[in-house]
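Undergrad: Have a look at this one.
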Amino acid sequence: MPFRRAVTDALSPAVWLQIMQARQVLASVSGRPWRDAWSLNKRLALEQSRLSLLPPWFRKSPSFVIDVGANQGQWIGALLEILPVEETWIFEPNPEAMKICRRRIGDRSGVRYFDMALGDKAGQITLHVTASSDFASVLQPRDEFLKTHYGKTATEVVIDQQVEVRTLDSLVPESKPVDLLKIDVQGFERAVLSGAGRVLANTRAVLIEANLESHYVNDDNFPAIWMILAERGFSFWNLSTPFRGQGGKALWADAVFVR
């Protein structure tokens with residue numbers, strides 16, 4: 001007891017609150033929630049996976065998760081560190097980002113990699129690869145906006161390259177239910193969702209990065225994405241704290257919708 005009190009006294013209130021909150025979420029997925037909550041790496045993985053935003057039922061051994069726009073595997077890597085998933089499909093059209101993703105995730109059981117973009121039809125499409133892979137998109141970046149809010153170098157397009165594009169409906173078997181569909185495609189959400197009508201009908205939850213301000217030419221904002229998913233039978237569940245740009249303006253957030 002004296003040791004626990006000494007440790008508690010040594011922690012800042014903010015860190016202690018993080019540990020308590022992490023323990024609460026981890027209690028349903030870990031056999032040692034207190035120990036994991038004390039681990040900084042586990043708390044970072046918990047935050048990056050957005051697990052606390054998802055409905056409680058998702059924490060009970062999900063069978064099938066699809067990550068569309070995995071980038072370097074930051075989100076899916078964090079999720080798999082916290083939660084066992086029976087089968088995971090990872091989509092990323094940027095070859096360099098996918099290399100890093102493969103190294104991060106490795107040859108885990110049940111993981112499949114797809115080096116391609118997803119959209120509303122099959123073919124080839126131009127990917128605008130940026131200095132920071134987070135901003136790569138098949139849509140044309142709004143240069144001035146991105147440079148103003150994210151800095152001049154990270155969002156600069158360094159190369160345009162042709163990549164394969166398919167529809168999710170053409171790849172996922174009709175009878176296969178999806179526990180979670182995560183989408184982070186830098187403004188190309190409408191096309192991805194349009195090519196996934198059948199899959200969405202068999203999906204329980206969607207985690208999607210939604211722009212609160214236009215980042216790319218012809219992209220869709222949060223209200224538009226909300227309407228698209230509502231038409232597909234989903235209702236809004238949760239929203240992350242928005243990411244704010246250099247001037248403090250809320251620019252994007254991760255949203256959860258459930259069927």
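The values are calculated or read from the model by the stated rules, or taken from the named source; none is laboratory data. If you're wondering where the values come from, they're calculated on a predicted model, not measured in any experiment. We place every Cβ from the backbone using ideal geometry, glycine too, and count neighbours over all the protein chains shown.
Undergrad: Pairs please, first residue from the stretch 86-108 and closer than 21 Å to L180 by Cβ, second anywhere and at pLDDT 95 or above and of a type in the set (D, E), Cβ atoms under 6 Å, 6+ apart in sequence or on different chains.
TA: From the stretch 86-108, the pairs are I90/D67; M98/E92; M98/D115; C101/E92.
Undergrad: Any residue in the stretch 161-169 that is assigned to a helix (DSSP H, G or I) and modelled with pLDDT of 95 or more?
TA: yes
Undergrad: Sticking with this structure for a sec: Of the residues A45, A22, A78, only one is surrounded by 19 or more Cβ atoms within 10 Å (Cβ to Cβ), in contact with a Leu (Cβ under 7 Å, 6 or more places away or on another chain) and not in a strand (DSSP E or B); which?
TA: When all the criteria are applied, what remains is A22.
Undergrad: Pick out the one residue from S175, S109, S170 that is closer than 28 Å to S52 by Cα, more than 20 Å from the chain's Cα centre (by Cα) and among the hydroxyl-bearing types (S, T, Y).
TA: S109
Undergrad: Oh, and also: All but one of (1) surrounded by fewer than 17 Cβ atoms within 10 Å (Cβ to Cβ); (2) of a type in the set (G, A, S); (3) more than 16 Å from the chain's Cα centre (by Cα) hold for S52, so report the exception by its number.
TA: For S52, the exception is condition (3).
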